[in-house]
Amino acid sequence: MNKQLATGLFALGTLMGSAAMAQETFISIGTGGVTGVYYPAGGAICRLVNRDRAEHGIRCGVESTGGSIFNINAIRSGELEFGVAQSDWQFHAYNGSSRFEDDGAFEGLRAMFSLHPEPFTVVARADSGITSFDDLPGKRVNIGNPGSGQRGTMEVVMAAMGWTEDTFAQATELPAAEQSLALCDNNVDAIVYTVGHPSGAIQEATTACDTVLVNVDNDTVRALVEERDYYRMATIPGGMYRGSDEDVTTFGVGATFVTSDAVPEETAYQVARAIFENLDQFTSLHPALANLDPAEMVSDGLSAPLHDGAARYFSEAGLMD
């Protein structure tokens, strides 16, 4: 081989290598606070996607964010490719209702699959005198940070109950990662959290001080569940957390994994494939994911259309017609 040919082949190889590197796709997943379930769930998704990065060229990163509503808005603006969001906020975003009314329907929102159930959870100090949801008026309550799903859900319930922030002695807006400490420092009487169980944040609150999980079960709540398909009555098993030996009745939503139609079909296909072909590993990465059923994951709580890439994988895998 002469020197000129060798130089040409070297240059060609360099160009091909550069092209291959240029084809690498970077995706970011918006989650929630680091003590919740969204963050480890997003991390579990990224771990499985990144494991086969050499094959499909997708590099996945996870970001701790303000939660469901933030994630959906960031996907809409193109700041994030994927995100975890409560099923109710997926519905409202796609239909342009509730907190998304001013911005209008996010018609490009696409569902990937559903994740774990998320009961609306209220934890109160044992010395607060709060034994049920109806006891919250006149108390110091952390209603959640703006942009979080828990804040949005709390506002829905407050409106249905005829409550405003003035109903409480104090309504704080701490993010999920800070509210357990505030409860145990006696800065608030109760905190709310829409979260999968077992939850590290709830575990923190119930072990660091004397607390109780309270029932969120009255005629108003049951009417909300009856009216809205994305809500379900839910039970938090007794004995899961210190101070709450009996089952707690509440309502809840489901965590869902969402994206937009701006994400290429092949990218969404590979993300879905990474999870469903390694579902045993995925469900072992966090206790809240342990009981996921693939048949339910492709349909439950998904009010936005499936992304074409996810739908293609589910069809190939025999998970949908």
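Tabulated data
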read-out: Proximal charge balance of G67 [Cβ under 14 Å; K/R count +1, D/E count -1]; value: -4
read-out: Candidates G149, G32, G78, ranked by Gaussian network fluctuation over the chain, Cα under 10 Å, top entry; value: G78
read-out: For the chain, calculated [θ]222 nm from helices alone, where every DSSP H run of n ≥ 4 adds -39500 (n - 2.57); value: -11500 deg cm²/dmol
read-out: Net dipole in debye of the stretch 220-303 [+1 Lys, Arg Cβ; -1 Asp, Glu Cβ; about Cα centre; nearest 20]; value: 260 debye
read-out: Percent antiparallel among DSSP beta bridges (both partners in the stretch 118-253, rounded to 5); value: 75 percent
read-out: Stretchable slack from E226 to T164, in nm (0.36 nm times residue separation minus alpha-carbon distance); value: 20.0 nm
read-out: Net +/- balance of residues flanking R273 in space, Cβ distance below 9 Å, scoring K and R +1, D and E -1; value: -3
read-out: DSSP beta bridge pairing in the chain, given as percent antiparallel to the nearest 5; value: 65 percent
read-out: With at most 15 neighbouring Cβ atoms within 10 Å, loop GluC sites (Glu not before Pro) (DSSP) excluded, longest segment of the chain; value: 174-245
read-out: Between the stretch 159-177 and the stretch 234-267, the Cα center-to-center distance that results, in Å; value: 22 Å
read-out: Extension reserve of the T207-D219 stretch, reckoned as 0.36 nm per residue once the Cα distance is removed; value: 1.2 nm
read-out: Label assignment, Cα Rg over 2.2 N^0.38 Å derived from the structure, set [x] 1.12; [y] 0.99; [z] 1.26; value: [x]
read-out: Inter-part distance where the stretch 29-48 and the stretch 50-101 are each reduced to a Cα centre, Å; value: 11 Å
read-out: Candidates N142, N71, N187: whichever shows maximal mean-square fluctuation once the chain is modelled as a Gaussian network with Cα springs under 10 Å; value: N187
read-out: Inter-label distance, nm, simple model (7 Å from Cα along the C-beta direction), N291/T235; value: 0.9 nm
read-out: Virtual spin-label span in nm between S284 and S98, 7 Å along Cα→Cβ; value: 3.6 nm
read-out: Cα-centre dipole for the chain with unit charges at Cβ (Lys and Arg positive, Asp and Glu negative), debye to 20; value: 1120 debye
read-out: Net charge, Y241 excluded, C-beta distance under 15 Å - Lys, Arg +1, Asp, Glu -1; value: -3
read-out: Cβ-placed point charges (K, R +1; D, E -1), dipole of the stretch 118-253 about Cα centre in debye, nearest 20; value: 180 debye
read-out: Fully extended contour minus Cα-Cα distance, from M320 to E173, at 0.36 nm per residue; value: 48.8 nm
read-out: Helix 68-77 vs. the chain, principal-axis angle (Cα, 0 to 90°, nearest 10); value: 30 degrees
read-out: Charge dipole (the chain, unit charges on Cβ, about Cα centre) - positive-most of F82, G152, S199; value: F82
read-out: Global form of the stretch 227-282, assessed from the alpha-carbon gyration tensor, a/c cut-off 1.5; value: oblate
read-out: Tilt relative to the chain, helix 3-22 - C-alpha long axis, 0 to 90 degrees, to 10; value: 20 degrees
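Taken together, the values in this text are just the output of simple stated rules run on the coordinates, not laboratory data. The structure presented is a predicted model; accordingly, all values stated were derived computationally and were not measured. Don't worry about glycine lacking a Cβ; one is built from the backbone with ideal geometry, like all the others, and counts go over all protein chains shown.
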